[in-house]
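I have placed the structure first, in the form of structure tokens, so that the comments after it can refer back to it.
Each reported figure results from applying straightforward, stated rules to the coordinates on display, with no laboratory input. Every value quoted in this text rests on a predicted model; they were computed, and no experiment measured them. Ideal geometry is used to build each Cβ from the backbone, glycine not excepted, and the neighbour counts take in all protein chains shown.
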Amino acid sequence: MALKDLLGVGEEASPEQLASKIPQHLNDLLRKYGELTREEKIAIGRSIPLLYPNLSQAPPELQSLEYVGAYSEGLVVRGGSYGNWALYRARRPIVLGGRFGYGALGESEEAVVLGGFFTTSAFWAAKKPIVVGGQLGQDAFLRAEGVKCYVNTIGSLCETLSGVIVAKKLGSVVAPASTLTIYCVEVDHGSEHCIKINEEDFDDQLTLDGLEKALEKLKLKYGNQCRR
């Protein structure tokens with residue numbers, strides 16, 4: 001069933017028009033959601049922040065849909081539990097915790113993330129993300145560039161293009177670009193791509209305000225080149 005038939009809107013319905021129809025057709029939408037195309041799911045995901053500017057107050061069944069917050073600009077997310085592709089291509093989002101499914105913040109620009117739990121392929125092809133605190137799963141920052149990251153745990157990094165990443169515990173590193181610097185206390189696989197640091201030099205209580213100073217401190221003590 002096409003979205004226009006499901007919600008009773010025209011082919012070129014705006015996000016605002018879709019948002020106005022969701023509450024009265026919510027049960028039908030959830031029941032038929034699996035039949036929608038990718039483009040239709042993106043359209044629904046874009047409209048949800050218009051209904052709930054504070055996404056943490058959205059019903060769980062809406063939070064868990066795909067592409068929630070896609071293409072948004074300046075959206076602030078204060079917790080919640082979100083489905084796959086949340087905040088896809090979002091510009092300058094601010095994330096203050098929460099749980100996120102596959103591909104969250106993919107192709108986003110200038111995201112600021114302060115905590116949260118991210119599963120597979122978070123921040124893929126993202127540009128200039130800043131991440132302080134939280135936990136990242138497998139294939140984080142795939143093809144991402146301009147990364148600044150300081151977190152406790154990362155499942156794995158794969159083909160990250162540029163930036164600085166600091167992790168206390170890192171599972172594996174695969175094919176990073178030479179323009180990426182990785183500092184870690186512990187790494188399971190791919191240690192040749194990392195600069196090992198002492199545990200006492202990792203700050204578990206780091207805040208966003210202290211990020212630049214912390215990165216500079218590591219660079220001064222350990223350098224920014226490793227043997228590859």
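If a residue must be in contact with a Cys (Cβ under 8 Å, 6 or more places away or on another chain) and not hydrophobic (A, V, I, L, M, F, W, C), how many such residues does region 139-153 contain?
1
Examine region 90-98 for a residue that is in contact with a strand residue (DSSP E or B) (Cβ under 6 Å, 6 or more places away or on another chain), surrounded by fewer than 22 Cβ atoms within 10 Å (Cβ to Cβ) and not hydroxyl-bearing (Ser, Thr, Tyr), and state whether such a residue exists.
yes
For region 151-160, indicate whether the set of residues that are surrounded by fewer than 19 Cβ atoms within 10 Å (Cβ to Cβ) and over 26 Å from Phe100 (Cα atoms) is non-empty.
No: region 151-160 contains no residue that is surrounded by fewer than 19 Cβ atoms within 10 Å (Cβ to Cβ) and over 26 Å from Phe100 (Cα atoms).
I want to confirm something. Restricting to region 101-123 and keeping residues that are in contact with a Gly (Cβ under 8 Å, 6 or more places away or on another chain) and farther than 26 Å from Thr207 by Cβ, which single residue is surrounded by the most Cβ atoms within 10 Å (Cβ to Cβ)? Let's see the steps before the verdict.
So in region 101-123, the residues in contact with a Gly (Cβ under 8 Å, 6 or more places away or on another chain) come out as 101, 113-123.
Then keep just the ones that are farther than 26 Å from Thr207 by Cβ; that gives 101, 120-121.
Working: Gly101: 19, Thr120: 18, Ser121: 23.
Here the answer is Ser121.
Please find, within region 50-84, the residue that is nearest to Leu26 (Cα to Cα) out of those that are of a type in the set (S, T, N, Q) and assigned to a helix (DSSP H, G or I). Even if it seems obvious, please write down each step before you answer.
Within region 50-84, the subset of a type in the set (S, T, N, Q) is 54, 56-57, 63-64, 72, 81, 84.
Remaining after also requiring assigned to a helix (DSSP H, G or I): 56-57, 63.
Working: Ser56: 18, Gln57: 16, Gln63: 13 Å.
This residue is Gln63.
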